[in-house]
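Undergrad: What follows is a single structure, and I will ask about it in a moment.
The values are calculated or read from the model by the stated rules, or taken from the named source; none is laboratory data. What you see is a predicted model; the values in this text were computed from it and never measured. Here the Cβ positions follow ideal geometry from the backbone for every residue, glycine too, while neighbour counts run over all protein chains shown. Only protein heavy atoms, including side chains, enter the accessible area calculation; ligands, DNA and RNA are left aside. Shrake-Rupley method; radii C 1.70, N 1.55, O 1.52, S 1.80 Å.
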Amino acid sequence: MEVPAFILSLVLLALLLAAPSQSVPKSYFYRYGEDAGDSPLPDEDEVSSPEIGLRVPVVFFGRIYQSIFVNSNGFVSFVTEIPNFFNVQFPLEYPVIAPFYSDVDTRSSGTIWYRETSDPGTMTRSKDELQQHFSSAADFTPTGAFIVTWDKVGPYNQRSDRVNTYQLVLITDGEETYILLHYADGGIQWLLGDGKNPSLPDARGQAGLMSGDGRHFVLKGSGTDQVRSLDKWSNSGNSGVWMYRVGQLSLSENAQEPDIGVDSAVGEDTMQSCAVGGSLCHSDAVCVDYTPGFCCKCGDNYLGNGINCIPKGEPIRVTGRVIGNLNGIKLEELDLHSYVLTKEGRSYTAISRVPSQIGYDLQSITAIGTGIAWLFASPVNNVKNGFHNTGGKFNRTVEVDFPQTGHRVEVQQQFQGLDVFNYVQVKTQITGSIPTISVGSEIEMDAFNEEYTRVKPGQLRARSGRVFRLKGQTIDTPFTVETTIDFDECEWKNLDDGDLETLRLKVSGNIFIQYDATEEIVRYALSAKLAPLEEIDPCVEGRQECGENSQCVVDGDTFRCVCERGYEEVYDATLNKGICLDLNECSTSRDNCHTHAICKNTPGSFICSCKPDFTGDGVNCERVGTCGGIPCDPNAVCELHLNEPQCICRPGFVGDGLICTKGTEISLVDQPRTCVDYDICSPYADCVYDDTVRSFQCVCLPGYNGDGQTCQPSESCKTARNCSPYGVCTKVENEYRCECLPGFTGDGYVCEGEDLRTPYNPEDPEHPYKLGEPQEPYQPLDPQDPYQPLEPQDPYQPLEPQDPYQPLEPQDPYQPLEPQDPYQRPEPIDPYQPSDHQDPYQQPRPQDPYQPQDPYQPQDPYQPLRPYQPQEPEEPYHPDQPQQPWQPEIIEPECLSGACWCPLGYTLNLEFNQCELKGAVISSEGDEKLEVPEPYCGAAKCTCPKGFEYDPTRHTCKLQVAESHSDGDLLAQPLPGCFMGKCSCPWGYFYDYSQHACLANSTSGYNYNIQGGGSEQTVSCHDVNRCHPNAQCTYNSYTQQYSCQCNAGYGGDGYHCSKLDVSCDHVDICHIHAHCVFDDQTLQHVCVCSTGYEGDGIVCTPQDECSSVVDCNINAQCLYDSSSQRYKCVCNAGYEGDGHICTTSGEASCNIVNNCDVNANCIYDTYALSYRCQCHDGYEGDGLFCSPAQVGCNVLQNCGENAVCSYNIEARGYRCKCQEGYEGDGFFCKPTRSCQLDPSLCHPQAVCVSDSQSSFGFSCRCQEGFTGDGHHCLEAVNHEKDILLFNQGLAVLRMPVNPRGGRSYIIHFEAFMTAVGADIDCLAGRFYWTDVRSSSIRSSKYDGTQRQPTVIQGNIGFPEDVAVDWISKNVYWTDSANDVVSVASIRDGKQRTIIKEGLVNPRGIAVHPGLGLLFWSDWNRLSPKIESSGLDGSDRQVIVSEDISLPNSLVVDYETDTLCWADAGTHKIECVSVRGGGRRVVSSGPLYPFGLTILGQNFFYTDWNDTKIHTVNRYSGVESASRAPPPGGSGKLYGIAAVPASCPPVSNFCALDDGGCPSSHLCLPNGNGGRTCACTDLALQDEGSRCSDFSY
């Protein structure tokens, strides 16, 4: 009956295509259901189909798949089944197609159908549809289709009130694949389920395609409330129908949309009324029609802009990342979290992982939190707050200026609206500098207001002035805040009462600001209201006064005219006011163009465009890759992947792309490229073998950072001087980087060009280097070894020793006999060939690596003179006394690219290769160092002889550059302006590359005294500022041009300014902080700055008393004093003095000076009405010093079982003592006889059994269902058993030991987690794991519930592995960042570092609580080992040090008291006695074992060679079949732990009452039958603490 169905489907298709665009009915779907031959998924929650083999393969993002899985939660997957719903935001890490990813539950409603078909009707229909929409399908003939239909499926948990219906159709011919997504009319009725995690709501439904290699494509509205409109939208012209080409895609391509008939597709540009565009509105909003257009409006009980709506009064979260550079400290991916009580208008914002160097300073930037406060401010009188206007989607720019200190910071925030969890997402970037706040200080801020003025549709601006001060201080630091907010405003709506032009944000005085140094978190808490102005809007009239390109902004009770974005205010002297002119962002470095982009200024803005050979948007530019010259196999294609050419075999062929052979394996796979086969490493990287991944990797050389394929110097080129000989170090975006010179290409560190000039080479005396003449590049004689010039006729071999430039010593670094000669530059076309063919992968590093940054510097006798070091003159210089004739100093030239040049005022003498002062005669010997004259200092000022000027910073005379020229030689040459490797000169000058200088143009009649050389060749100083240092570039509104004007006290044309001959005794030209004095040297009156000020007397600025807290006393701050207008040292509260010397004031008590003992508190004495120190309970002393109080057992009644309380003469008090027949410390007593002789020694719930480990041959053992040491037994809680728990990066997973013992699933998933170490607390039924990403240790129940952090504070770096002493309630871990082993209490988090020395890379860790022993492994590559100690760190010893390589996880076998480990270097699992003997090999089968655990008769281990759980018999070493983990993790498997039926029958002295240790100490078993009461790290670090360890 296929023919009638076929005809019916064609008729239906024709009718639908001819009809106007509307949502498709279910009848449009491809046939599905039982009648169509479909198979159903079971009606369960979280279920997948078995692997379905495909008759016709599917090509998906360039990969061929022979099978597929159907998953209940709205998607199909390749590679593996994924039955669980992962509550995460797209993209997933697996290749999947998700028509509607959500938590589907078909137990109450719906069915999921699927089938593969090749029936003619389906093939014909799909072919016709695709050819009408894709030009690529013109010759496409499908041979198979895979159809999945989710019919009326409900959400979790067994809900059926709303259902979804949608369909996926995969169409393929085995070589190309298309997909169709169908959404029935009204087919998306629910977006999320009830949620399985009470602390995190379900993500809203998402739709998209994921390749598995990082590429992904999401449908419009995915993850938003508007995703319910997928049935109303389309990319094909037919509402509810979406089409994509997903098969033969190159590595740089993404899913392809239709390219035919797309004009009729439903898009936003066609939505001009509610009838069509209402689907854009939120489900809790209404659509309002205007003439023309429409707008969305949230319902009365909701808040938002109609696109995003949230319930009024409900709390909301804001999350995001913070990056930037502040005070020279780079901020990298800091986390921002904010919790907002919308009903109260109060927001709590926290920025975590803030470096301590900047944490206290960041307290002053409350502008970060103010944006969130504005967004959710409590509205007054029905005004609309920020979220009402923006829906949480807007850009915010804040400029914060500190006028007294000169600091300035810019905050740029991009609020991205609501994410899939209904959280507001924000990206924040902070750049600039802020005042320094001393360590440990907190600031406070008063209430403030900000007036937000709507300057134009979609833009708000505000300006406010505020102050902050240190807590307890009275000195204010003022700052101004200017804010601009840009958002998409509905262009059709009319302003109503709630849309006033200006609204006032009122932030109340309960502002909380804090930096928590321990947690590295900056916190801001603000309460805000948004209200209308209480007075008439000042901008109602103020707008009339604001000129062109300016906007009126309310500022308090007045207004300010501020320039529009892209314009700057310039003072117009003619109009006597400021005007707004275009800001040239390109010339003022205010653009964000990429280094390889060209910036073009436009009115009010700028345009970035990538340079030739680069591609991108101008903000990001990448070099264009090319497949030219790549020798791919004829059955392969060359494609660009990450801008790198790569050969990939065609379908049906396999290989590396260079050689492809016919095969049936998967092809078109992203072949791994190693540096052994391809030259992909940076010139500053080596290709080395990485045993962790078992392949060769590019690794940057020391001094460079990067991924190996791209390496950048760790140190700035300004200090490292590591640019190429054909590059220069330039400042770009506040950092120095190398750029190639014109005519050369490269990254600045390596530059190449066609006409490379040979650097200056002194080897050939018969052919001396002539400046300006091109030289032949070095050509090696032996192409097999271009670095070994073997023949004496090598042009680089010095021939004559008498050559004045011939180095005499063979060790001279410029002797070109060795391969390390820095001037034997390798040709780019002839790469380095290692001489050792036995090891072709390890490039030998030369002893003296090529250093391209140093041009040739001739050696002795032509050693460059050291800079002049001024000496204190013994007597003043007297010009009237006879002096020795001054001889100019010999200057060495600077050379680059074979060209040498001299400083201004000097010329290059080629004969002697030295710089000579113009007109001076230099001795041919050149070996006498000639001094410059010393300055003469009179009563007021210092002067120098003619031709020199005084340098006050060095107290020396320096050569004076003349301001005029003569005889056609322009002595006052301007400096060239260089940017990105290109240098230019002012008009009238040309740039000479050989001298790196601006030389005068020889054009006849050129007037060098006129800027630009003549009236027809002028350039505005606004574009290129050539004004004199004592002049300013100002704007003249009359001429409408910029011009240079000399400063006050100077005269000239602005390009040449000289001090006016005006005496301060006639005209008061001195600064207010200067005075006029008579100078006995110049015999005239001059201005001299007053004490505490510096300058030339005409301009004086205060000299700061301090620049940071290091200049002040330890109990003082460096603060700005507004009265003296400078920074000065101020003693802290409770101290008195001048800031340099601070002493405790008489009334200072412990609340100010924290001098209490660590075991004491500072309390307020209500009788004495003052603070004092008081010891904790259990301690005695005056509070300044406290020691444990020795309270007798007659009072405490704390003796253990089988002990009595008696008077001890030595202790002079009552102490506990074990009874006769027992031994111990009185708290814990063990019998001294066998339980075989006296069964009553055992606990009633224990039995006496044979025990070879016991000295009596017998021991007490708790019965099943109880746990303890046999003398003390407690009822064991019945937990789950026989399960495996293990880590896989982002996920923690579990599976039963028996494959048929239950289901496997994820118990915890976190996007930014890297879970590594694993262990269990068998008594409490909890799993513990380490997270190296957040530097924490966490735990949960075996099923993932009751998750909580265990160790999150303290000095924890990278916790590698974890071990739990479930008896003492302590957790131990190895820390590879700090190279220590530490312990913390599970109960209260007290920490102690117990192993500090002798560790290089600690890895695995295990404990034996019964014996009180601790074990750990050290990955020391030079000396790997396994060590042991007591659980208190005592009695440390090495137990394994031979035949060991990379010991990973450790595990204790309690039945045999042996320690076992997995070694990734020897590829073995081995065991040894806990005391170090009886070593044996269990298995030699593992390839790269990582995690190891034991249960019953088997070891279980993870292996980095695959992602499977392996099982090996602990006795025979026979390995069973490995098992794949449940999907959901990412990458390699890490630590693993097994859950036994019951805890091992062991106990120790810390089991009860913390072993009698005080609450301030940790109870740690010592491995010798006792325990140590150990002080915490905090107590030991406190110099005032008297805490000490004591053992029992």
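Undergrad: For His407, enumerate residues with amide H under 5 Å from its amide H, sequence gap 5+ or separate chain, H modeled in the peptide plane.
TA: Long-range HN contacts for His407: Phe402.
Undergrad: Can you tell me the dipole magnitude for the range 501-629 around its Cα centre, using point charges on the Cβ only (Lys, Arg +1; Asp, Glu -1), in Debye to the nearest 20? Each step should come with its number before you reach the end.
TA: On the way: 12 positive and 22 negative charges, 65 e Å.
Result for the range 501-629 is approximately 320 debye, rounded to the nearest 20.
Undergrad: Follow-up. At most 10 other Cβ atoms within 10 Å and a DSSP loop assignment: could you name the GluC sites (Glu not before Pro) in the range 1081-1187 that fit? Can you show the working numbers first?
TA: Values: sites: Glu1094, Glu1105, Glu1136, Glu1147, Glu1180; in loops: Glu1105, Glu1147.
Within the range 1081-1187, the qualifying GluC sites (Glu not before Pro) (loop, at most 10 other Cβ atoms within 10 Å) are Glu1147.
Undergrad: Students often forget the sequence filter, so: which lysines lie under 16 Å Cα-Cα from Lys1532 once same-chain residues fewer than 8 apart are removed?
TA: Qualifying lysines at Cα under 16 Å: Lys1508.
Undergrad: Counting just the Cα atoms, what span does the range 90-192 cover along each of its three principal axes? Round to the nearest Å and put the largest first.
TA: Extents along the principal axes, in whole Å: 47, 32, 22.
Undergrad: Would you please give the residues with an amide H less than 5 Å from that of Asn1208, counting only those at least 5 places away or on a separate chain, with H modeled from the backbone geometry?
TA: Gly1213, Tyr1214, Arg1215
Undergrad: Sort 130-141, 518-529 by packing, meaning the average of other beta carbons within 10 Å per residue, with the highest value first. Don't skip to the answer; put the middle values down first.
TA: Numbers: 130-141: 16.4, 518-529: 19.3.
Descending packing order for the listed peptides: 518-529, 130-141.
Undergrad: Here's a follow-up. So which trypsin sites (Lys or Arg not before Pro) in the range 1337-1432 are both in a DSSP loop and have at most 12 other Cβ atoms within 10 Å of their Cβ?
TA: Values: sites: Arg1338, Lys1341, Arg1347, Lys1369, Arg1387, Lys1390, Arg1392, Lys1396, Arg1403, Arg1421, Lys1425; in loops: Arg1347, Lys1369, Arg1387, Lys1390, Lys1396, Arg1421.
Hits after loop and neighbour filter: Arg1387, Lys1396, Arg1421.
Undergrad: So, by mean Cβ neighbours within 10 angstrom, what's the order for 335-345, 203-213, 1052-1062 with the highest one leading? Present the calculation step by step, with values, prior to reporting the outcome.
TA: Numbers: 335-345: 18.3, 203-213: 23.3, 1052-1062: 15.5.
With the highest mean Cβ count within 10 Å placed first, the list reads 203-213, 335-345, 1052-1062.
Undergrad: Sorted by average packing, counted as other Cβ atoms within 10 angstrom per residue and highest first, what order do 1494-1501, 370-377 take?
TA: Top to bottom by mean Cβ count within 10 Å: 370-377, 1494-1501.
Undergrad: Count the net charge of all other residues whose Cβ sits under 11 Å from the Cβ of Glu520, scoring Lys and Arg as +1 and Asp and Glu as -1.
TA: -2
Undergrad: Now for a separate question. For an R0 of 35 angstrom, estimate the FRET efficiency from the Cβ-Cβ distance between Ile475 and Leu1083 and round to the nearest 0.05.
TA: 0.20
Undergrad: Same structure, new question: Tally Lys/Arg at +1 and Asp/Glu at -1 over every other residue whose Cβ is under 9 Å from the Cβ of Ile147; what's the total?
TA: 0
Undergrad: What whole-number value in Å² describes the accessible area per residue of the range 1349-1454 for a 1.4 Å probe?
TA: Accessible area per residue: 33 Å².
Undergrad: Excluding residues on the same chain fewer than 8 positions from Lys1230, give the lysines whose Cα lies under 23 Å from its Cα.
TA: Lys1217, Lys1369
Undergrad: Here is a follow-up. May I ask for the net charge around Gly1221, where only other residues with Cβ less than 14 Å from the Cβ of Gly1221 are counted and Lys, Arg are +1 while Asp, Glu are -1?
TA: Value of the local net charge: -1.
Undergrad: Continuing with this model, one more query. For the range 484-579, with every protein chain kept in place, what is the accessible area per residue (1.4 Å probe, Å²)?
TA: 53
Undergrad: Restricting to Cα pairs below 8 Å that are 6+ residues apart, what does the relative contact order work out to for the range 468-545? Please round to a whole percent.
TA: 23
Undergrad: Cross-link candidates for Lys731: which lysines have Cα within less than 16 Å, leaving aside residues fewer than 8 places away along the same chain?
TA: Lys718, Lys982
Undergrad: DSSP loop chymotrypsin sites (Phe, Trp or Tyr not before Pro) in the range 1224-1324 with at most 10 other Cβ atoms within 10 Å of their Cβ, which ones?
TA: Taking the range 1224-1324 and a limit of 10 other Cβ atoms within 10 Å, the loop chymotrypsin sites (Phe, Trp or Tyr not before Pro) found are Phe1312.
Undergrad: How high is the FRET efficiency from Asn1154 to Ser1441, r the C-beta distance, R0 51 Å, rounded to 0.05?
TA: 0.65
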